[in-house]
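Novice: Next up is a structure, given as structure tokens.
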Amino acid sequence: MIWKQIPLSLVRALGFFGLLLAGVALFAVVTGPVVLAALGLGRLIDLLLIAHRGPGGGGDVSRDMLATVAGLICCRFVLPVALLAIRRLAMLTRRLMERWCGVPIASAYRPRPVGPGRLGYQRRMSWLLGDPGTWRDLLWLVVNATAGLVLLLLPAVLTGLGVVVFLQPLLSDRPHVMFAIGLAFVAAGLGTAPLLLRGYADLARLVLAPSEEAKLELRVRHLAQTRRETLDTGAAELRPVVQVAMGLTLDAAGRLIDTDPAAARALLIEARDASARALAELRDLVRGIHPPVLADRGLADAVRALALDSPLRARVTGSLDGRPPAPVESAAYFAVSELLANVAKHAGANGAEVDLRHSSGSLRISVSDDGDGGADPSRGTGLAGVGRRLAAFDGVLVVSSPAGGPTLVTMEVPCALS
């Protein structure tokens with residue numbers, strides 16, 4: 001089996017070698033202006049501290065001043081662009097490591113500062129240089145150009161050396177020995193190519209993967225953002241309802257204000273109190289809404305009730321040994337309801353299947369159908385809204401829907417069952 005991977009491993013190693021060369025060039029672009037400015041400035045200071053210079057000292061000052069200015073200009077205009085290019089190169093390396101070597105490498109970069117217009121030089125450099133991810137990327141360029149280069153080129157070097165030795169029997173008095181040595185080198189070079197490529201991927205993961213502290217920081221930031229989006233969505237849904245209720249009462253007060261001011265004043269007071277009560281009640285409703293079947297029977301039976309009410313042939317498989325927390329249970333119920341409604345409206349399907357399970361500390365629900373496929377969360381089919389609701393509980397939504405079907409939507413929410 002490993003011999004079938006050899007040609008592909010050599011091609012992929014060549015691709016990674018191309019990324020290595022690009023990284024070396026970018027590292028030179030980043031360090032060159034800094035070194036140039038530092039050396040020029042240092043020589044200027046040395047020359048200015050010397051009280052008596054010999055002939056030609058002025059030329060040295062001009063040259064060093066020119067180097068300093070050139071380095072500072074490059075730091076001002078080239079350095080931020082080069083650092084962002086290194087970040088993109090590192091992200092491409094992560095994607096190829098997962099696709100070609102089966103080694104996923106997480107990333108954790110700090111988000112771009114929010115502000116009107118473009119970022120100024122100081123804010124941009126503070127953002128980039130203050131991000132530990134930037135320094136991990138720079139460290140990877142150094143490690144890649146040393147240890148990574150050995151892992152990538154060793155199979156090619158062994159193979160090339162073996163070919164050279166393999167051809168030596170024509171010029172040697174020991175043709176059989178040289179032939180065997182050359183064959184051994186070629187076999188070693190080709191045979192180790194997949195193993196060294198895997199070692200190269202493990203080295204990249206060791207350097208590029210964020211620390212546990214960085215992962216935790218990214219997770220907290222993600223949770224804060226999703227909860228803020230959930231609150232904004234809830235407020236946007238509540239506002240029209242409250243406005244309609246207030247509008248009706250105010251309209252009645254407006255009709256009575258000329259004929260019966262006391263009654264109009266009473267309606268205004270009632271509108272104020274009713275709007276406050278309605279807002280509080282609707283907030284509670286959004287946060288903890290539970291249909292009776294969900295509250296009484298739990299998520300599995302509530303989903304089976306949804307399947308019975310669906311116009312399609314819907315089948316429910318799997319079971320749950322307990323009940324998730326009430327907010328998670330409610331979010332999962334309405335997510336399944338939304339997905340079954342999408343299948344009925346948009347999929348052109350004859351049937352659907354819902355599978356519920358809890359394993360490894362997560363609630364997993366899959367909804368599949370035999371429809372036309374092509375479901376895309378970015379096209380406003382309701383999938384994006386489902387994803388946002390699940391994200392409020394650190395859940396994820398994965399959609400697989402090739403053209404022609406079938407469609408499989410998988411939801412996973414970390415939680416414990418009571």
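The values are calculated or read from the model by the stated rules, or taken from the named source; none is laboratory data. If you're wondering where the values come from, they're calculated on a predicted model, not measured in any experiment. As a convention, Cβ positions derive from the backbone with ideal geometry for all residues, glycine included, and neighbour counts pool all protein chains shown. We work out accessible area using only protein heavy atoms, side chains counted, and drop any ligands, DNA or RNA first. Shrake-Rupley method; radii C 1.70, N 1.55, O 1.52, S 1.80 Å.
Novice: Just to be sure I understand, how many residues within the stretch 365-405 are in contact with a helix residue (DSSP H, G or I) (Cβ under 7 Å, 6 or more places away or on another chain), part of a loop (DSSP other than H, G, I, E, B) and not aliphatic (A, V, I, L, M)?
Specialist: 6
Novice: Shifting gears a bit: So how many residues does the stretch 205-219 have that are modelled with pLDDT under 85 and either open to solvent by less than 90 Å² (accessible area, probe 1.4 Å) or more than 18 Å from Ala106 (Cβ to Cβ) (or both)?
Specialist: The qualifying residues number 5.
Novice: So Gly348 fits all but one of (1) over 25 Å from the mean Cα position of the chain (by Cα); (2) modelled with pLDDT of 85 or more; (3) farther than 14 Å from Gly395 by Cα; what number is the exception?
Specialist: With respect to (1) over 25 Å from the mean Cα position of the chain (by Cα); (2) modelled with pLDDT of 85 or more; (3) farther than 14 Å from Gly395 by Cα, Gly348 is out only on (2).
Novice: Considering only residues of the stretch 129-161 that are touching a Lys or Arg at 6+ places or on another chain (Cβ under 9 Å) and more than 16 Å from Asp202 (Cα to Cα), which is most open to solvent (accessible area, probe 1.4 Å)?
Specialist: Initially, the stretch 129-161 is screened for residues touching a Lys or Arg at 6+ places or on another chain (Cβ under 9 Å), giving 130-134, 137.
Imposing the further condition that a residue be more than 16 Å from Asp202 (Cα to Cα) reduces the set to 130-134.
Working: Gly130: 34, Asp131: 2, Pro132: 59, Gly133: 1, Thr134: 8 Å².
The residue in question is Pro132.
A quick yes/no check of all residues on (1) closer than 30 Å to Thr93 by Cβ; (2) at pLDDT below 75; (3) assigned by TED's automatic domain parsing to the domain that holds Ala147:
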{"site": "Gly189", "(1), (2), (3)": "yes, no, yes"}
{"site": "Leu203", "(1), (2), (3)": "yes, no, yes"}
{"site": "Arg221", "(1), (2), (3)": "yes, yes, no"}
{"site": "Glu229", "(1), (2), (3)": "no, yes, no"}
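Novice: Pick from Ser401, Ser360, Ser366: which is surrounded by fewer than 18 Cβ atoms within 10 Å (Cβ to Cβ) and out of contact with any Pro (no Cβ under 7 Å at 6 or more places or on another chain)?
Specialist: Just one listed residue meets the conditions, Ser360.
Novice: Tally time: how many residues in the stretch 303-338 are surrounded by 15 or more Cβ atoms within 10 Å (Cβ to Cβ) and not small (Gly, Ala, Ser)?
Specialist: 16
Novice: When you check Ala391 against the structure, is it assigned by TED's automatic domain parsing to the domain that holds Val303, open to solvent by less than 70 Å² (accessible area, probe 1.4 Å), in contact with a strand residue (DSSP E or B) (Cβ under 9 Å, 6 or more places away or on another chain) and within 16 Å of Ala305 (Cα to Cα), yes or no? Talk me through it step by step, then tell me what you get.
Specialist: Details: assigned by TED's automatic domain parsing to the domain that holds Val303: yes; open to solvent by less than 70 Å² (accessible area, probe 1.4 Å): yes; in contact with a strand residue (DSSP E or B) (Cβ under 9 Å, 6 or more places away or on another chain): yes; within 16 Å of Ala305 (Cα to Cα): no.
No, not satisfied.
Novice: Might you check whether a residue that is modelled with pLDDT under 90, small (Gly, Ala, Ser) and in a helix (DSSP H, G or I) occurs anywhere in the stretch 3-10? Outline the logic, then answer.
Specialist: The first filter runs over the stretch 3-10 and keeps only residues modelled with pLDDT under 90, leaving 3-10.
With small (Gly, Ala, Ser) added as a condition, the list becomes 9.
From what is left, the residues that are in a helix (DSSP H, G or I) are 9.
The answer is yes, given that some residue of the stretch 3-10 is modelled with pLDDT under 90, small (Gly, Ala, Ser) and in a helix (DSSP H, G or I).
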